[in-house]
Structures are given as structure tokens and as C-alpha cells.
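The values are calculated or read from the model by the stated rules, or taken from the named source; none is laboratory data. Keep in mind that what you see is a predicted model, and the values were worked out from it rather than measured. Note that each Cβ is placed from the backbone with ideal geometry, even for glycine, and that neighbours are counted across all protein chains shown.
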Amino acid sequence: MLLKVSEVTVEFGGVTAVADLSLEIGQGELIGIIGPNGAGKTTLMRVITGMVRPTSGRVLLRGLDITHWTIDQRVRSGLALAQQIVKPLATFTLAENVALACGSRRMGSPWQAMTTIDRNLELERARALLEMMGIGGAADDYPSEVPLGYLKCLELARALALEPDLILLDEPLAGLNQAEAAQMADRIASLVTATRSIILIEHNLREVIRICPKLFVQDHGGNLDFGPTQQVMANPKVRAAYLGEGAG
């Protein structure tokens with residue numbers, strides 16, 4: 001098992017954001033996490049990445065308890081996060097932004113990496129990753145010069161630069177039109193390999209259902225269902241909570 005979230009609860013000032021949640025993901029899996037606003041999806045993601053410490057429960061990576069590990073320790077052990085709101089370094093080109101991530105995987109900081117590792121090698125790898133994401137032609141452009149869809153691809157390229165075993169994606173399709181969202185969803189699905197898994201939090205239900213073999217549904221901080229996509233979407237409770245349909 002690559003990642004195991006075991007009976008995790010998160011409370012903020014007496015308010016329960018996540019309630020006794022458990023989730024497992026193996027190697028080579030793509031799992032979609034869905035649920036209405038306020039269901040606790042982002043909080044769960046932050047527990048996995050180390051941004052939030054759970055009130056109770058554990059997070060295990062390859063059997064190791066990483067519940068109290070720092071974000072940096074988790075990244076170095078194979079986790080990567082692509083944020084919903086992309087915040088690249090504005091004075092760096094797209095290639096330079098990715099090159100920083102390439103170097104930081106092996107050094108103490110991205111700045112140290114760029115001064116001690118062959119810059120040309122890192123830039124070459126960065127360009128290859130941008131090409132892989134379909135935006136190689138914009139490698140020398142600055143973030144302010146490219147559209148949102150390109151910035152979303154940049155964020156994925158930066159995550160891939162960390163050579164992760166597990167990528168956590170927080171609403172990567174947000175702000176994209178239907179055609180762009182479908183294209184991005186296809187790219188995300190293509191990133192799954194025998195040794196690389198993805199957890200996708202996304203409100204675009206159409207694309208999540210299309211590309212994710214398994215769904216994890218949250219509602220009011222708890223787990224409503226988890227399993228094969230078509231089976232989960234046929235659950236009357238899921239349809240009532242997420243689609244507003246009567247549970248019968």
C-alpha cells in the first residue's frame with residue numbers, strides 16, 4: 001500500500017472538519033475525491049501533505065507513520081502537491097520555474113540547487129517536462145504572458161519535477177473551459193504509471209467520472225462512499241448529497 005489514511009479526525013476550534021476518515025491508495029492508482037463545498041476535501045489533502053496536523057488518526061506512506069513529518073520530509077519521500085491557485089515566480093520563465101523544482105528534489109533548497117547543480121541540465125529537464133505537458137513552446141515565456149491553462153500545466157510540470165510516487169491535485173480544472181478541462185483531465189490520467197499514483201480533488205464531476213476508476217466521496221467531514229466509480233455514482237446517498245437528488 002502506497003498511502004494509508006487511518007481514522008483521521010481534524011477539529012478547528014471545536015468544529016469538526018474531517019471525521020474519522022480512512023483512505024487507501026496503492027501504486028498506479030488514480031482516485032477522485034468529490035463532495036459538496038465544505039465536505040472537508042481540502043482539509044484531508046492538507047493532512048496528507050502535512051499542512052494540517054490531525055487531531056487524531058495516522059497517515060502512513062509505504063507503511064511508515066508520517067503523521068508528524070514536515071512537508072519537506074514528505075516531499076523528499078515521494079509526495080507532491082499541485083495547488084488550485086498557481087503561484088509561480090513571476091520574474092522567472094516557465095522553464096526556470098520548473099528547473100527550480102528539478103533541483104530542489106536533490107538539494108536542501110531550490111536556491112541552493114540552482115547554484116550548485118548544473119543549471120543547463122536542470123533547464124533541459126524542465127523543458128522536457130513542459131513539452132510533456134503540451135506547453136514546450138512557451139518554455140521561455142513568463143507567467144504573466146501565458147493563459148491560465150498554461151499555468152495549470154506549469155503547476156503539474158513542477159509537481160512532476162519532484163519525481164513523486166504520489167501527486168495530490170487540488171482542483172486542477174478550476175477556471176478552465178470545457179475543452180481545456182477535458183484536455184487537462186486527459187493529461188492527468190496519462191501521468192499515472194505503475195509507480196506513480198494520483199489523488200484528484202475536483203468539482204468537475206463530468207471529467208472526474210470520465211478519468212477516475214475509483215471515487216472517494218466526502219460529506220460533512222465524513223466518508224460517504226469509496227469504490228469503483230460507476231458503483232459509487234449509483235449509490236442513492238451519494239446522488240442525494242452531491243447531486244441533490246432524493247435518496248428514495
Being small (G, A, S) and under 30 Å from V15 (Cβ atoms) is the requirement here; does A189 meet it? no
For the stretch 79-95, the count of residues that are over 19 Å from E122 (Cβ atoms) and buried (at least 20 other Cβ atoms within 10 Å of the Cβ) equals 3
What pairs come out if I take residues in the stretch 211-233 that are assigned to a helix (DSSP H, G or I) and pair them with residues that are modelled with pLDDT of 95 or more and among the aromatic types (F, W, Y) whose C-beta lies under 8 Å away, six or more apart or interchain? V232/F226
Please determine whether any residue of the stretch 200-211 is touching a Gly at 6+ places or on another chain (Cβ under 6 Å) and not assigned by TED's automatic domain parsing to the domain that holds A138. yes
Would you say G175 is part of a loop (DSSP other than H, G, I, E, B) and free of Cβ contacts under 8 Å to residues at least 40 places away in the same chain? yes
Any residue at all in the stretch 152-164 that is closer than 20 Å to G38 by Cβ and surrounded by fewer than 17 Cβ atoms within 10 Å (Cβ to Cβ)? no
Every residue in the stretch 4-41 that is touching a residue at least 24 places away in the same chain (Cβ under 8 Å), within 15 Å of G222 (Cβ to Cβ) and of a type in the set (V, I, T), please. V5, V8, T9, V10, T16, V18, I33, I34
Qualifying positions in the stretch 79-98 - over 27 Å from L2 (Cα atoms) and either not charged (D, E, K, R) or not assigned by TED's automatic domain parsing to the domain that holds L156 (or both): P88, L89, A90, T91, F92, T93, L94, A95, N97
Determine whether the stretch 184-193 contains at least one residue that is of a type in the set (G, A, S), at pLDDT 95 or above, crowded, with 17+ Cβ neighbours inside 10 Å and in the same structural domain as Q230 (by TED's automatic domain parsing). yes
Given the structure, is L151 assigned to a helix (DSSP H, G or I) and touching a residue at least 12 places away in the same chain (Cβ under 8 Å)? yes
Would you point out which residue out of I198, I167, I211 is modelled with pLDDT of 95 or more and over 12 Å from the mean Cα position of the chain (by Cα)? I211
For the stretch 41-78, what are the residues that are among the small types (G, A, S) and surrounded by 15 or more Cβ atoms within 10 Å (Cβ to Cβ)? G50, G57, S77, G78
Looking for something within 21 Å of L3 (Cα to Cα) and not hydrophobic (A, V, I, L, M, F, W, C) - is there at least one such residue anywhere in the stretch 180-193? yes
